[in-house]
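Working notes, beginning with the structure itself.
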There are 4 protein chains.
Amino acid sequence: MGAPPAGTANFLFASDNTAGLAPEALAALGAANGGTVPSYGDDEWSARARDAIGRVFETEADVFFVSTGTAANALALAQACPGHQSILCHECAHIETDEAGAPESFTGGSKLVALPGPGCKLRPADLDPVWRGGRGVHAQRPGALSLTQPTEWGTLYAPDEIRALAGWARQHGLAVHLNGSRLANAAAALADRGFAPADWTWRAGIDVLCFGGTKNGLFATEAVVFFRPGLARDFASRLKRAGQLASKHRFAAAQWCGMLEGGAWLRHAAHANAMARRLADALRRLPGARLIVEPEANGVFVELPRPAVEALWARGWKFHPFIGEKGYRLMCSWATAPGDVDRFAGDAAAVLG
Amino acid sequence: MGAPPAGTANFLFASDNTAGLAPEALAALGAANGGTVPSYGDDEWSARARDAIGRVFETEADVFFVSTGTAANALALAQACPGHQSILCHECAHIETDEAGAPESFTGGSKLVALPGPGCKLRPADLDPVWRGGRGVHAQRPGALSLTQPTEWGTLYAPDEIRALAGWARQHGLAVHLNGSRLANAAAALADRGFAPADWTWRAGIDVLCFGGTKNGLFATEAVVFFRPGLARDFASRLKRAGQLASKHRFAAAQWCGMLEGGAWLRHAAHANAMARRLADALRRLPGARLIVEPEANGVFVELPRPAVEALWARGWKFHPFIGEKGYRLMCSWATAPGDVDRFAGDAAAVLG
Amino acid sequence: MGAPPAGTANFLFASDNTAGLAPEALAALGAANGGTVPSYGDDEWSARARDAIGRVFETEADVFFVSTGTAANALALAQACPGHQSILCHECAHIETDEAGAPESFTGGSKLVALPGPGCKLRPADLDPVWRGGRGVHAQRPGALSLTQPTEWGTLYAPDEIRALAGWARQHGLAVHLNGSRLANAAAALADRGFAPADWTWRAGIDVLCFGGTKNGLFATEAVVFFRPGLARDFASRLKRAGQLASKHRFAAAQWCGMLEGGAWLRHAAHANAMARRLADALRRLPGARLIVEPEANGVFVELPRPAVEALWARGWKFHPFIGEKGYRLMCSWATAPGDVDRFAGDAAAVLG
Amino acid sequence: MGAPPAGTANFLFASDNTAGLAPEALAALGAANGGTVPSYGDDEWSARARDAIGRVFETEADVFFVSTGTAANALALAQACPGHQSILCHECAHIETDEAGAPESFTGGSKLVALPGPGCKLRPADLDPVWRGGRGVHAQRPGALSLTQPTEWGTLYAPDEIRALAGWARQHGLAVHLNGSRLANAAAALADRGFAPADWTWRAGIDVLCFGGTKNGLFATEAVVFFRPGLARDFASRLKRAGQLASKHRFAAAQWCGMLEGGAWLRHAAHANAMARRLADALRRLPGARLIVEPEANGVFVELPRPAVEALWARGWKFHPFIGEKGYRLMCSWATAPGDVDRFAGDAAAVLG
């Protein structure tokens, strides 16, 4: 990843999906490319991938692979929530802001109820108001709660926080969905605090989650993982009807084998998290920059003066406004090098100086 | 591709999607894996791939990439046919028999009207009866005609045949869709007769087609190609809502560059077609085997006695019943070697002897 | 119902929905029009109507009211069959030929599998072929069987025939739906053979049925009746989301009270059936007329020479071609008088003479 | 409408749909009940009703009838807004709060974007923020603006206010829908200010509206009225597929004839509005009662102390909490008599005293 020539666009911090394939994923594609195998997931690579995901969560689970995060979330929600019920989520949730109606479409009309909460997180008290409407059959009764881990602002739910939310949901008859498009980053960060993925997923009450592959360095594969027995019933049919059953399925699966079996997924995610901290530490010292939240995963959310932003864009650094008028998002990935961070921080210092 | 050990399953002839990635596709994945680029198709690989597809068809076209053939067909049909109209297709069409309701689902209720026709092909006369119902608003008026090229039985429409069908469709106000999940095989076969892809697609009246990548040796990418100006309006939004907008889009696109820019797509398809002819020529000489249709693309459809089939299965050759009680399908791909064909034919001769 | 002036259109035999409201239904509308009552079905008229329907079937049932037969069938099927499964029906079933994709739309993509069978009826043997595909997740597995009683050709399933079909369905895991848009006519006809509605509905294995009000002389109300406990779960929400929860619900319900509580529904239906027999008996004696099936309910299906049909149309009698090129449908209703039948028969004799 | 016996439930103020049919509607049902006529709207009553609606709006329009307000709104919106676009509405709009996902379901996934605005009304400035997201294909671009007239709080948009909103919508490429479930009440109120329905509908930029029948005293019929030429294309097919094409259509239409042709619709609505003013004038004098908004149509929205509410409920008066914790809704209809208002006001004075 060379420094961008002056004025050349550099998309490194624009998103964690602008990077390429992690080396282990690419190698796995090559390794899987021998001979003929059954299509549609009935091959050994697919079985290995499902097993590897089961080991990540230390449990039996029903595992499926789809091609995008939007499909993963929308289809998981459609499975967990009937179309006449609604889905509770944070008002900044990706399913609410960036999935173009896919959840509404695949559920057959479930309304997303977008709720505010500090730090892009929800608490049980934030959910209580939805039960006060009392409009019976005329309003959609909530059928699912959707959380994001890490959140769209790069913050993390502690296992206890998830347990409290899931407990609330269970009490009210809601299924609990976790959007884990950056689940690896959460896993790496929470491992540092002594928590295994099981602790903040099924042990805390998550029924189904989407385990993101793309932002961890894979191509065209995200996993949908059902923990609650029976919840995955006929999900294969749902995938097929949604155009999400890959025929050369081994190449989706092999990438997961390459990333999970040797632990690369966690190393890459930990690296991305470290780069975000390095970037945040550099930016917090700059006059005129203000961190909106402390980074807990691989994103940095910072307020910057507009002239500084435009000066950075002019130097080729591409990144997006994300929170209100002044808040910008800088994402780190497996491919972000310390030198990239330092060059960006240097340029930021120059334009803010 | 070694010979299967006795009793070991060999999926070579089971489908043309049991093979791996074509070498050119795999190499392109590696070549594209440097640096960061914009997501969602705004990168140079994606632009190159769209251009390459335009050159295949010698015209400007609106080109999109999705992850499966089912998604390609269902979304193209949803774009071309409103949900209150029906879709005419052959009764053996993949959209009718093997897509699990995806067309009905994505169109929002279009009924597939499955019509018979010899050799898995339709003629204008086969379509006429659908206009005789006269039930007005109570029945769905046809809104689209869907053809498959090559057909599910490995036969081909001549350009004139497509022109006649599309003319009939135009006259009745129908859009015309072509399912080209094996379009490369048709292109190779029809090139031998002096026809370019343009001759039997847009020049013959096709409005939108699905250009299959998977069966040509690619992973997780099929192209939807709109020829009729304006027909693709807002299709990007439809894709996004359907969970079909890949974020690491360059890896879908790069595979197309690798296959199309150097002509590998046609070479591989021509090879697969040649292997099908080789296989057919061997089988037609065997007592007890009867070719159902002459192979024109990469599939062989043959009637075999059940004991012979079971004996072949016992030797490890996996293939599926496909037509009636006695008709079996044997597919060839870029990865089928002459020796594979000869070994299979030899085993067939042995069990039929 | 006066004789039509020469050349004036008379829609009496065109359908059994061209007649007005049965007097008992109209009177009930007036009787219910006092005071204010709760909306949406929480009123006493609605409770009485549900009770009256329970008594018709001699069982507890979950009863709902919707505004059209298309809505009744499509929503009942959507409740009984998930969108990734298919619905088996006769190829002449109204849901297949005349509901414009409503079943596909409300189920979210269920494919209707239209099967042939003599006399517009299905037998278990007609259903067997659908299990031979063996295409697994790629094809929709059947999830429901839909029967029509009386059929679209005015024929009747005997209780044993329904029992056999429902037994087959149960064995294969299918729900069983009955389209009873003319259920009253079936009830009247089968009462003559000693069968109660219960005998050929829930006792024979029907899970859910649509009890037609319109063709019995009601306005904007059809009943959906669930016999299988639990199958109606959240159906009220489905209705609301489908725009089928009437606010002035008492006026739907009151019509049922007026028709069911005093037995008018059966008397009117028996009268319509008798008129159909009278008409058939007159027509069968005419040279050039051929009954396609013996009438068992309120419809007469007859082959007539085209010139005779056009001569009848010219005399003002409106009726529709229905079966093939030469088969016409003549429907009788509560409002058809013997004199109407005799005048039509006389005109038919004149034009055929 | 007699006074309720002490402790007996009286639903008079609970909604304007708890009353029965207006006498003119009931009489029209009887008047239409002679002879046979074509089904599905091809009869003279239906033609007359469409003409009468055209005269209300002083323009040619495409007019359709459906059975509920939810169906009217959801299907009109589905016609005006493609599923990949969103619908802007007030956060208190009925389509957002009380239609159970019908708009999301019939549109195929359109997201409702619920915006705040004072007095249950929107202004162009309230809409501006929705364009600031800048998320391109990832978010749904707005495709329609939905207004309610009178609003769910009984307030009215002046013609100029609608013109400003519609102008904003036109400028941004949005269709404009008006939910007029109480359109008659708005028409009566605005007639007092010298405005005809045309002034605040199509002349102000409304493309399609729902003209409520139920709350004006009709059963099972609401009109969908398209002003923009071409916008109604194939809407009849959409209705049929949605189960909303009534077969005994004349009985829907006749009610409109009865109400519109002699002006009863406006007289009844003006009466209901006057009853709401009478009620408001009585309540505003009571200590402890606070009008939330000045009534402009037929609803009164008032804050009352909870003990007073419970005391009124105990006296049999049924009405619902509607705004926040303390705001209650009291609706008046064609059937509300001055004595009813005075009795309620008297009881309110007693319990608040």
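Annotation note: Cβ proximity below 7 Å between a residue of region A:267-279 that is assigned by TED's automatic domain parsing to the domain that holds residue A:345 and of a type in the set (Gly, Ala, Ser) and a residue that is at pLDDT 95 or above and open to solvent by 30 Å² or more (accessible area, probe 1.4 Å) (sequence gap 6+ or interchain) occurs for A:272/A:334. In this structure, does residue A:101 turn out to be open to solvent by less than 10 Å² (accessible area, probe 1.4 Å) and modelled with pLDDT under 95? Taking the combined requirement at face value, the residue satisfies it.
Within 12 Å of another protein chain (Cβ to nearest Cβ), of a type in the set (Gly, Ala, Ser), within 30 Å of residue D:14 (Cβ to Cβ) and over 17 Å from the mean Cα position of the chain (by Cα): does that describe residue C:49?
no
Scanning region D:174-208 for residues that are open to solvent by 10 Å² or more (accessible area, probe 1.4 Å) and of a type in the set (Asp, Glu) turns up D:192, D:199.
Going through region C:249-260 one residue at a time, which ones are touching a Lys or Arg at 6+ places or on another chain (Cβ under 9 Å) and open to solvent by less than 10 Å² (accessible area, probe 1.4 Å)?
Selection gives C:253, C:254, C:256, C:257.
The lone criterion from (1) over 30 Å from residue C:243 (Cα atoms); (2) within 14 Å of chain D (Cβ to nearest Cβ) left unmet by residue A:142 is number (1). For region C:18-38, a residue qualifies if it is at the interface with chain D (Cβ under 7 Å from one of its Cβ atoms), out of contact with any Phe, Trp or Tyr (no Cβ under 7 Å at 6 or more places or on another chain) and at pLDDT 95 or above, and the qualifying residues are C:20, C:26, C:30, C:33. Residues in region D:299-353 that are within 13 Å of another protein chain (Cβ to nearest Cβ) and part of a helix (DSSP H, G or I): D:340, D:344. Scanning region D:282-294 for residues being open to solvent by 70 Å² or more (accessible area, probe 1.4 Å) and closer than 14 Å to residue D:345 by Cα gives a total of 4. Among what's in region D:32-70 and is of a type in the set (A, V, I, L, M) and farther than 13 Å from residue D:211 by Cβ, pick the residue that is surrounded by the fewest Cβ atoms within 10 Å (Cβ to Cβ). So, considering only residues that are of a type in the set (A, V, I, L, M) and farther than 13 Å from residue D:211 by Cβ, the one surrounded by the fewest Cβ atoms within 10 Å (Cβ to Cβ) is D:47.
For (1) within 20 Å of the chain's Cα centre (by Cα); (2) under 20 Å from residue D:229 (Cα atoms); (3) in the same structural domain as residue D:189 (by TED's automatic domain parsing); (4) open to solvent by 10 Å² or more (accessible area, probe 1.4 Å), each residue gets a yes or a no:
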position	(1), (2), (3), (4)
D:109	no, no, yes, no
D:123	yes, no, yes, yes
D:139	no, no, yes, yes
D:146	yes, yes, yes, no
D:163	yes, yes, yes, yes
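Inclusion of residue D:15 among residues that are under 16 Å from the mean Cα position of the chain (by Cα), within 7 Å of chain C (Cβ to nearest Cβ), open to solvent by 10 Å² or more (accessible area, probe 1.4 Å) and among the polar types (S, T, N, Q) is warranted. Of the numbered criteria (1) assigned to a loop (DSSP other than H, G, I, E, B); (2) on the phi < 0 side of the Ramachandran plot, the one residue C:243 fails is (2). With respect to the conditions (1) closer than 27 Å to residue B:199 by Cα; (2) free of Cβ contacts under 8 Å to residues at least 12 places away in the same chain, residue B:30 lacks only one, and its number is (1). Could you please let me know if residue D:25 is of a type outside the set (D, E, K, R), part of a helix (DSSP H, G or I) and open to solvent by less than 40 Å² (accessible area, probe 1.4 Å)? Spelling it out, residue D:25 is indeed of a type outside the set (D, E, K, R), part of a helix (DSSP H, G or I) and open to solvent by less than 40 Å² (accessible area, probe 1.4 Å).
Set side by side, the residues A:237, A:181 differ, and just one is closer than 26 Å to residue B:65 by Cβ, in contact (Cβ under 8 Å) with a residue 24 or more places away in the chain and within 14 Å of another protein chain (Cβ to nearest Cβ), which is A:181.
Let's see how each residue does on (1) farther than 26 Å from residue C:267 by Cβ; (2) within 17 Å of the chain's Cα centre (by Cα):
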| position | (1), (2) |
| --- | --- |
| C:119 | yes, yes |
| C:130 | yes, no |
| C:174 | yes, no |
| C:178 | no, yes |
| C:182 | no, yes |
| C:187 | no, yes |
| C:211 | no, yes |
| C:214 | no, yes |
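In region D:209-240, the qualifying residues are those that are farther than 29 Å from residue D:152 by Cβ and assigned to a helix (DSSP H, G or I), and the one that is least open to solvent (accessible area, probe 1.4 Å) is D:240. Can you say whether residue B:222 is of a type in the set (Asp, Glu) and more than 29 Å from residue A:243 (Cα to Cα), as far as the supplied structure shows? Spelling it out, it is not the case that residue B:222 is of a type in the set (Asp, Glu) and more than 29 Å from residue A:243 (Cα to Cα). From the set of residues in region C:295-312 that are over 18 Å from the mean Cα position of the chain (by Cα) and touching a residue at least 40 places away in the same chain (Cβ under 8 Å), which is most open to solvent (accessible area, probe 1.4 Å)? Applying the filter and picking the extreme gives C:307.
Scanning region B:295-318 for residues that are under 18 Å from residue B:185 (Cβ atoms) and of a type outside the set (A, V, I, L, M) gives B:295, B:296, B:298, B:299, B:301. The lone criterion from (1) in contact with a helix residue (DSSP H, G or I) (Cβ under 9 Å, 6 or more places away or on another chain); (2) within 12 Å of another protein chain (Cβ to nearest Cβ); (3) outside any loop (DSSP other than H, G, I, E, B) left unmet by residue A:41 is number (3). Just one of the numbered conditions (1) away from chain A (no Cβ under 14 Å); (2) within 20 Å of residue B:152 (Cβ to Cβ); (3) of a type outside the set (S, T, N, Q) is not true of residue B:72: (1).
Scanning region C:82-108 for residues that are more than 7 Å from chain B (Cβ to nearest Cβ) and free of Cβ contacts under 8 Å to residues at least 24 places away in the same chain gives a single hit, C:96. Scanning region B:323-346 for residues that are crowded, with 19+ Cβ neighbours inside 10 Å and either under 23 Å from residue B:91 (Cα atoms) or over 26 Å from the mean Cα position of the chain (by Cα) (or both) yields B:328, B:329, B:330, B:331.
The values are calculated or read from the model by the stated rules, or taken from the named source; none is laboratory data. Since this is a predicted model, take the numbers as computed values, not measurements. Neighbour counts run over all protein chains shown; Cβ positions are idealised from the backbone, glycine included. Surface areas here come from the heavy atoms of the whole protein model, side chains and all, with no ligands, DNA or RNA. Shrake-Rupley method; radii C 1.70, N 1.55, O 1.52, S 1.80 Å.
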